[in-house]
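Q: Right, I'll just put the structure down here and ask away after.
The values are calculated or read from the model by the stated rules, or taken from the named source; none is laboratory data. Here the structure is a predicted model, which is why all the values come from computation and not from measurement. Cβ sites come from the backbone with ideal geometry, for glycine too, and all protein chains shown count toward neighbours.
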Amino acid sequence: MSSLLAKCRPYFQRAEELAEHESAVAYYCRLHAIELLMRAHQKGETSPEEKTLLLGELQKAEDIKKSLNISSSDGQGTVESFALRVFDAADAADRSAKDKSGQAAAVSKLYAAALFMDVCAQFHDGELPPDLAEKARYARFRVVQIREGLKQGVPSYPAEPETTASLPAPSGYSGSSAPAPAVPIPVQPSSASAASSATAQMPARDEARKQLELASSALDFRDVATARTCLEEALRLLG
């Protein structure tokens, strides 16, 4: 599968999953994936297979739009409200997780929350407003961090929510979603045996790449200390 199809596939999958019970959200998930394909096509970066997919999905989206009869403003309120509810539920699942199975379930929910936040970008000229962008970055950061902890056998727990006032919610959202929590400090193995175990589970290069991803996410939140810790660990792994 090409990198473009791999990038689009999660949004098409969400569209299929939600088609029956959340048809408007499903439509905009599909539209987001179509936009990714369209941008690549305009740059001449699509294969014949991807062009065929684009044309088919455009026709499908047009048919769905006729049946929905929904305005863009109504769609924005519906999708953003849904995305924030998913984020809140994912964050709650992350905070209540007490074991590996709970954390694994939280990863799936956080990953979905980030995707739904991405979908909201189409209502803001392709760029998420700061509050939604922060939640999307935080969800992805936690996905990487939890997966890393599960691989290393070291639990990763989220930081406590900040007590600052909530940012204004997007139009149409009536919930009480709080700002994304501050990025937690990555938990490192507490002994040489834990580090050896982690190294044995995966090549040092893959482990270093994960640390770089954590560092990048930490910098998104201006958490320089965490970024530095992750970078130092990556350098140590690479020798």
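The rows are residues; the columns are (1) of a type outside the set (A, V, I, L, M, F, W, C); (2) modelled with pLDDT of 95 or more; (3) crowded, with 17+ Cβ neighbours inside 10 Å.
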site: Arg14; (1), (2), (3): yes, yes, yes
site: Leu18; (1), (2), (3): no, yes, yes
site: Tyr27; (1), (2), (3): yes, yes, yes
site: Lys66; (1), (2), (3): yes, no, no
site: Ser73; (1), (2), (3): yes, no, no
site: Glu80; (1), (2), (3): yes, yes, yes
site: Leu84; (1), (2), (3): no, yes, yes
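Q: Let me ask another. Of the numbered conditions (1) surrounded by fewer than 21 Cβ atoms within 10 Å (Cβ to Cβ); (2) modelled with pLDDT of 95 or more; (3) more than 21 Å from Ala24 (Cα to Cα), Ala139 fails exactly one; give the number of that condition.
A: (1)
Q: Related question: So which of Gln59, Gln76 is polar (S, T, N, Q) and either within 20 Å of Met117 (Cα to Cα) or in the same structural domain as Ala105 (by TED's automatic domain parsing) (or both)?
A: Gln76
Q: Then there's this: Yes or no: Arg85 in contact with a Gly (Cβ under 8 Å, 6 or more places away or on another chain), part of a helix (DSSP H, G or I) and closer than 19 Å to Lys135 by Cβ?
A: Judged against the criteria, Arg85 is a match.
Q: In addition: For the range 91-110, indicate whether the set of residues that are among the β-branched types (Val, Ile, Thr) and touching a residue at least 60 places away in the same chain (Cβ under 8 Å) is non-empty.
A: no
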